[in-house]
Amino acid sequence: MCASPVTTVALSIAMVLFGSISLLGGKILPNPLNTPDATGVLSTYSTAGGIDISNPFFQNLGTNGRTCNTCHISSSAWTITPADVQAKFAATQGTEPIFRTNDGSNCPSADVSTVSARRQAYSQLLRKALIRVSVQVPANAKFQIIDIQDPYNCPETTATNPALYRRPLPVANLGFLSTIMWDGRETVFGAIPKKSIDLVQSLRNQATHATTGHAQGVPPSPEQVSQIVAFETGLYTAQIKDQLAGDLTARGATGGPVNLSQQNFFVGINDSLGGDPSGNTFTPRVFNLYNAWKNLTGSPYRQSVARGEDLFNTLPIPITGVAGLNDALGQQVIMGTCTTCHDSPNAGNHSFSVPLAIGTTAYPAMPALDVAGLPVYTVQCIATGERVRVTDIGRALISGNCEDVGKLKGPVLRALTARAPYFHNGGAATLGDAVEFYNQRFSLSLTAQQKADLVAFLQSL
Ligand code: HEC
Ligand code: HEC
């Protein structure tokens, strides 16, 4: 951190990410921090009084030049997008620290000796901003991987060490989490297992593993870990302005990150599965940000956003074949809504630690999803001999259980427009594709107007 070349690189990256004005007069960025995105303006509000870029989150704590900020960028809702990655590649010919073979390339032993070799080696990162996550099959697993169709013929991708290609999750709005990581592997449960989590301890472990893994370093000091966790848990991010709807806090609307920072949450706050420790009953009316726009005359687009919110809360969905839901409740068809799974008030993640297999890992994939370039695993359950083909094994790699194959968490649905593509593997290129996935998966027969309303709503989150 003291050598001048490193400082220059860090500074120039900071200038690219935040613009030069933000560095005037110190290391605290404006609060809230507003940045343009595809459909308007994204805003991040820090309850810690500002985004302090001297926090260890922005420091090189490992050995490969990476920081947390390498993969979690404010203007992309604290994840990364293909555009971010492509800009880094163009600026450095594929040598910026995100381009490291430990988990940035399709295969750790890929040839990265020339620019064109790097373009190929990092193709999943460049196309969909996917990181290679390798999780060992647990020793006691009740399943086996019996076949791998690997487009990269990667020697490091094996039946005991499969590779999953996943989108970085946003490092903001963390206070709403009921589980950490797509497969929940960093979740430390609290006093009542599954019904409470120790968020701070979960995030401490996560930050340590991110430094030893992604950044190939020694574990950060307890003080550095505390600073990272304090920094990230203070961040709230959401869309604040839409090109067509305008200010998302106008005329009674309650969008944006400042309102979000005041939203109450606890694990199971609105549990659709009926396990709420406090005895709360479930309400499908999960989002109420744009209720006030329902009857606004002269603002057709604002009404579309409000209709989309209504559809999200109330559109009947015959939910079938979702492992973790239909099997858990013993019901072949559950008449639900989007909010059966996205049930945390105004945050939209699953309020309970219940990973679900909704069909995004299934192979062949729904036509709305693009899974080209992902390895396909044939997983066989030892007890029953039953086989499934999937592009991500999900929670089963943590639990070892057959019934957990393909299960992933329902993520927070805020600040979506700044962070395409969607789902754990970036399979949906746009929010329209994500809506189309549900249309196909649950045979919804949505009209063009309903799809447009849902997209207008999702873009305003
Ligand atoms: C090389 C890219 C990369 C770097 C560097 C990186 N992350 Fe991540 N981060 C990811 C990916 C990919 C995931 C999701 C992986 C999964 O779920 O399997 C993730 C997930 C997370 C999550 C989980 C959020 C949730 O909703 O569960 C947190 C928190 C996080 N990262 C914080 C950090 C911190 C803190 C650092 C620095 C110490 C860091 N990350 C460095 C790629 C990165
Ligand atoms: C049966 C449970 C369930 C239902 C019903 C459901 N979702 Fe999801 N949703 C999930 C899960 C689980 C994920 C994560 C899946 C993945 O990443 O592969 C997800 C992910 C998403 C994402 C991507 C978020 C991101 O960060 O990439 C969007 C957008 C979304 N859902 C919107 C909707 C909409 C709109 C509806 C209603 C039409 C809906 N969901 C209904 C469980 C559900």
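The values are calculated or read from the model by the stated rules, or taken from the named source; none is laboratory data. As the structure is a computational prediction, the values presented were derived from the model and not from experiment. Heads up, the Cβs are rebuilt from the backbone with ideal geometry, glycines too, and the neighbour counts pull from every protein chain shown. Ligands, DNA and RNA are stripped out before the accessible areas are found, and what is left, the full protein with its side chains, is counted by its heavy atoms. Shrake-Rupley method; radii C 1.70, N 1.55, O 1.52, S 1.80 Å.
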Can you send over the carbon and sulfur percentage of the accessible area for the chain, probe radius 1.4 Å, protein chains only?
-> 56 percent
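Please give the charge dipole size of the range 216-367, origin at the Cα centre, charges +1 on K and R Cβ atoms and -1 on D and E Cβ atoms. Round to the nearest 20 debye. Before the final figure, lay out each step's value.
On the way: 6 positive and 10 negative charges, 106 e Å.
With Lys and Arg at +1 and Asp and Glu at -1, about 520 debye.
Which peptide among 120-133, 196-209 comes first, and what is the full order, when sorted by highest mean count of other Cβ atoms within 10 Å? Please report the intermediate quantities before stating the final value.
Numbers: 120-133: 21.9, 196-209: 18.7.
The most tightly packed comes first, giving 120-133, 196-209.
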Förster radius 22 Å - calculated FRET efficiency between Thr160 and Arg387 (Cβ-Cβ, nearest 0.05) = 0.75
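Rounded, prolate or oblate: which fits the range 367-419 when a ≥ b ≥ c are the square roots of the eigenvalues of the alpha-carbon gyration tensor, with rounded for a/c under 1.5 and prolate only if a/b beats b/c?
Since a/c reaches 1.5 but b/c is at least a/b, the shape of the range 367-419 is classed as oblate.
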Compare the peptides 383-393, 400-410 by average per-residue count of other Cβ atoms within 10 angstrom and give them in order, highest first.
-> 400-410, 383-393
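Between Asn288 and Asp247, what FRET efficiency follows from the Cβ-Cβ distance if R0 is 22 Å, with the result rounded to 0.05? Could you put the intermediate results ahead of the total?
On the way: r = 18 Å, r/R0 = 0.80.
Efficiency at R0 = 22 Å is approximately 0.80.
Figure the gain on full extension for Thr281 and Ile28 (residue separation times 0.36 nm, minus the Cα-Cα span) and round it to one decimal in nm. Before the final figure, lay out the partial values.
On the way: separation 253, 0.36 × 253 = 91.08 nm, distance 4.23 nm.
Stretched out fully, the Thr281 to Ile28 stretch lengthens by 86.8 nm.
When ranked by the protection proxy of mean other Cβ atoms within 10 Å per residue, highest first, what sequence do the peptides 144-153, 102-111 form? Provide the component values of the computation, followed by the final result.
Numbers: 144-153: 14.6, 102-111: 19.5.
Going from most to least packed, we get 102-111, 144-153.
Just to verify a number: FRET efficiency for Gln380 and Ser134, C-beta to C-beta distance, R0 = 25 Å, to 0.05?
For Gln380 and Ser134, the calculated efficiency is 0.75.
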For the range 231-387: relative contact order, % (alpha-carbon pairs under 8 angstrom, 6 or more apart) | 19 percent
Tally Lys/Arg at +1 and Asp/Glu at -1 over every other residue whose Cβ is under 10 Å from the Cβ of Trp293; what's the total?
-> +3
Averaged per residue, the 1.4 Å probe accessible area of the range 300-396, protein heavy atoms only, in Å², is roughly 36 Å²
Any idea how far apart Ala372 and Gln86 come out in nm if each label point goes 7 Å out from Cα toward Cβ?
-> 1.4 nm
Projected onto the charge dipole of the chain (unit charges on the beta-carbon of Lys, Arg, Asp and Glu, signs +1, +1, -1, -1), the Cα from Pro284, Leu461, Ala372 with the largest positive-side position is that of Leu461
Determine the shape class of the range 120-182: with a ≥ b ≥ c the square roots of the Cα gyration tensor eigenvalues, call it rounded for a/c under 1.5, and otherwise prolate if a/b is greater than b/c, oblate otherwise.
-> oblate
So for the pair Ala117, Thr63, with labels modelled 7 Å out along Cα→Cβ, what separation do we get in nm?
-> 2.1 nm
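Let me check I have the definition right: for the range 183-313, take the eigenvalues of the Cα gyration tensor, multiply each by 5, take square roots. What are those semi-axes in whole Å, largest first? Intermediate results must be reported in sequence, preceding the final value.
Working: eigenvalues 258, 94, 26 Å².
Semi-axis lengths for the range 183-313 are 36, 22, 12 Å.
In debye to the nearest 20, how big a dipole does the range 162-268 give about its Cα centre with +1 on each Lys and Arg Cβ and -1 on each Asp and Glu Cβ? Don't skip to the end; give the middle numbers.
Details: 8 positive and 7 negative charges, 49 e Å.
Its charge dipole is roughly 240 debye.
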Descending semi-axes in whole angstrom, ellipsoid equivalent of the chain, from the Cα gyration tensor | 31, 30, 21
Taking 0.36 nm per intervening residue step and subtracting the Cα-Cα distance, what contour gain separates Thr212 from Asp327 on full extension?
-> 37.6 nm
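What does the accessible area per residue of the range 43-101 come to in Å², with a 1.4 Å probe and no ligands, DNA or RNA counted? Let's see the in-between values first.
Values: 1850 Å² over 59 residues.
Per residue, the range 43-101 has an accessible area of 31 Å².
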Evaluate the charge dipole of the chain about its Cα centre and quote only its size in Debye, nearest 20, assuming +1 on the Cβ of each Lys and Arg and -1 on the Cβ of each Asp and Glu.
-> 340 debye
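Specify whether the C-alpha gyration tensor of the range 17-169 places it in the rounded, prolate or oblate class, a ≥ b ≥ c being the square roots of the eigenvalues: rounded for a/c under 1.5, otherwise prolate if a/b is larger than b/c and oblate if not.
Prolate, because a/c is 1.5 or more and a/b exceeds b/c.
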As a check on your grasp of the helix formula, calculate [θ] at 222 nm for the chain: sum -39500 (n - 2.57) over DSSP H runs of n ≥ 4, divide by the residue count, round to the nearest 500.
-> -7500 deg cm²/dmol
